[in-house]
């Protein structure tokens with residue numbers, strides 16, 4: 001069966017390489033009594049599954065889809081994806097919303113709620129624009145970015161980065177809010193790409209949904225018997 005379907009799998013992989021947008025995710029999977037990694041490349045109409053003993057770049061390179069893609073890569077900000085710096089990235093805002101909620105509960109500060117409200121409101125406006133066939137002007141996009149930067153700035157004022165003395169060297173351990181704010185600052189273009197390009201989704205749910213059924217099978221059967 002695998003041999004008979006290989007041509008179809010290769011065709012799906014090629015379509016995803018050529019697609020304007022690819023969602024990516026990975027998850028642990030028990031196979032033949034050992035931990036393997038299930039890698040996903042997907043969009044609204046196609047899903048490709050790949051199994052590998054490794055989780056990181058070795059597997060991504062071996063599968064050959066993401067390094068050779070032409071379109072936007074949507075992911076959850078996992079570090080190896082950033083090594084694929086040959087095209088545009090978009091981040092999953094559902095992950096960021098969960099982290100913002102945690103930081104709000106952890107600190108009691110208002111900026112996480114302000115950022116959650118901003119992202120959710122922007123998503124609603126994008127949904128309306130998408131369904132009405134309109135696009136945001138450059139002035140609108142700049143206004144979104146100004147508000148975003150102001151919220152990040154409010155957070156950074158409360159959680160400045162800790163710097164070690166020069167003589168001590170190395171990097172200081174930062175707080176959870178500080179690390180999250182650093183990500184919002186560093187990856188602002190990827191976080192807000194859904195506003196500039198209405199074809200980019202707000203979340204990475206396409207890839208995460210694709211993981212669900214293999215995980216359900218593993219939950220019921222315990223593992224996959226063979227590779």
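Bear in mind these aren't lab numbers, they're just calculated from the coordinates by the rules spelled out. Since the structure is predicted, the reported quantities are computational estimates derived from the model, not experimental observations. Every residue, glycine as well, gets a Cβ built from its backbone with ideal geometry; the counts of neighbours run over all protein chains shown.
In terms of its C-alpha gyration tensor, region 1-81 comes out oblate, because a/c is 1.5 or above while a/b does not outweigh b/c. Stretching residue 225 away from residue 175 to a fully extended chain increases their span by 13.7 nm, per 0.36 nm per residue minus the current alpha-carbon distance. What would the Debye equation give as log₁₀ I(q)/I(0) for the chain at q = 0.11, 0.13, 0.15 Å⁻¹, counting only Cα atoms as equal point scatterers? One equal scatterer on each Cα of the chain leads to -0.67, -0.89, -1.09. In region 62-135, Cα pairs under 8 Å separated by at least six residues give a relative contact order of 20 percent.
On full extension, the segment bounded by residue 57 and residue 95 gains 11.5 nm, given 0.36 nm per residue less the C-alpha separation. Checking the a/c ratio against 1.5 first, then a/b against b/c, what shape does the Cα gyration tensor give for region 146-219? Note, shape of region 146-219 comes out oblate. Label separation (residue 79 vs residue 213): 3.4 nm, computed from points 7 Å beyond Cα along the C-beta direction.
Calculated on C-alpha atoms, the gyration radius of region 93-196 divided by its Kirkwood radius gives an Rg/Rh of 1.06. With the convex hull drawn over the C-alpha atoms of region 35-135, the volume per residue is 143 Å³.
Rg ratio for region 184-227: its Cα radius of gyration over 2.2 N^0.38 Å, N being its residue count, equals 1.81. For region 78-139, the normalised intensity computed at q = 0.13, 0.26 Å⁻¹ comes to -0.54, -1.01 (log10 of I(q)/I(0), Debye sum over alpha carbons, equal scatterers, no solvent). For the chain, the relative contact order comes to 25 percent (Cα pairs under 8 Å, sequence separation of at least 6). Ranked by the mean number of other Cβ atoms within 10 Å of their residues, highest first, the peptides 122-129, 111-118 fall in the order 111-118, 122-129. In terms of the mean number of neighbouring beta-carbon atoms within 10 Å, the peptides 204-210, 100-106 order highest first as 204-210, 100-106.
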